[in-house]
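The next block holds one structure in the form of structure tokens; read it before the comments.
The values are calculated or read from the model by the stated rules, or taken from the named source; none is laboratory data. Source: prediction; values computed, not measured. Quick reminder, even Gly has a Cβ in these numbers, built from the backbone with ideal geometry, and neighbours come from all protein chains shown.
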Amino acid sequence: MSSTESKFRFNGYQILKSLIEIRDPRGISDNLDISFKKSSGINESERKYKLELEVSIEDENKLLVIKILCNGFFEFEKDITDEERHIFFNTSAPAILFPYIRAYISTLTSLSGIKPLILPTINLSKGAVKR
């Protein structure tokens, strides 16, 4: 049985910005507004891709504000098609990176003395990520 190597590889991530504002821990609502923004860069000669994903969270009472900016680092094979590239850059890369951000937010809120914020899994391929 032969194994096939993926044409894309995740090489790690780095949190660039981490902000949490807790204005009143007793009044924080479970109703959250979660938004995403992304930007990216490609180094064709080295076949490297960098995804910058920003996650902003605010409860409906505006008593909890969280902003996380994270870079994900990927590399890709040179023989990929344009379709594979599109799927990877727009769907797979955000889906790979988001669980790390999700875990970071859970840890950050837990260590901040408030109820841990456990974000739901989110399908980032349905247009949830803005450019």
Considering only residues that are touching a helix residue (DSSP H, G or I) at 6+ places or on another chain (Cβ under 7 Å) and more than 30 Å from Lys62 (Cα to Cα), look in the stretch 2-47 and name the one that is modelled with the lowest pLDDT.
Lys7
The strands (runs of 3 or more DSSP E) lying wholly within the stretch 1-60 that contain at least 3 residues that are of a type in the set (Gly, Ala, Ser) and under 18 Å from Phe98 (Cβ atoms) are 32-43
When you scan the stretch 87-98, do you find a residue that is closer than 24 Å to Ser39 by Cβ, assigned to a loop (DSSP other than H, G, I, E, B) and among the polar types (S, T, N, Q), even just one?
no
Exactly one of (1) touching a helix residue (DSSP H, G or I) at 6+ places or on another chain (Cβ under 9 Å); (2) not in a strand (DSSP E or B) is unmet by Ile66. Its number?
(2)
Taking the stretch 71-92 as the search range and keeping residues that are in contact (Cβ under 8 Å) with a residue 60 or more places away in the chain and within 15 Å of Phe10 (Cα to Cα), which one is surrounded by the fewest Cβ atoms within 10 Å (Cβ to Cβ)?
Glu77
Considering Lys62, Lys38, which residue is within 24 Å of Ser92 (Cβ to Cβ) and either more than 15 Å from the chain's Cα centre (by Cα) or among the basic types (Lys, Arg) (or both)?
Lys38
Could you identify the single residue in Ile68, Ile15, Ile105 that is within 11 Å of the chain's Cα centre (by Cα), of a type in the set (Val, Ile, Thr) and loosely packed, with under 14 Cβ neighbours inside 10 Å?
Ile15
Would you please name the residue that is nearest to Asp30 (Cα to Cα), looking only at residues in the stretch 115-128 that are at pLDDT 55 or above and touching a strand residue (DSSP E or B) at 6+ places or on another chain (Cβ under 8 Å)?
Leu117
Pairs under 8 Å by beta carbon, first residue at positive phi and of a type outside the set (Asp, Glu) in the stretch 44-68, partner part of a strand (DSSP E or B) and surrounded by fewer than 18 Cβ atoms within 10 Å (Cβ to Cβ), six or more apart or different chains?
Arg47/Glu75
Has the stretch 16-37 got any residue that is in contact (Cβ under 8 Å) with a residue 60 or more places away in the chain and more than 23 Å from Ser110 (Cα to Cα)?
yes
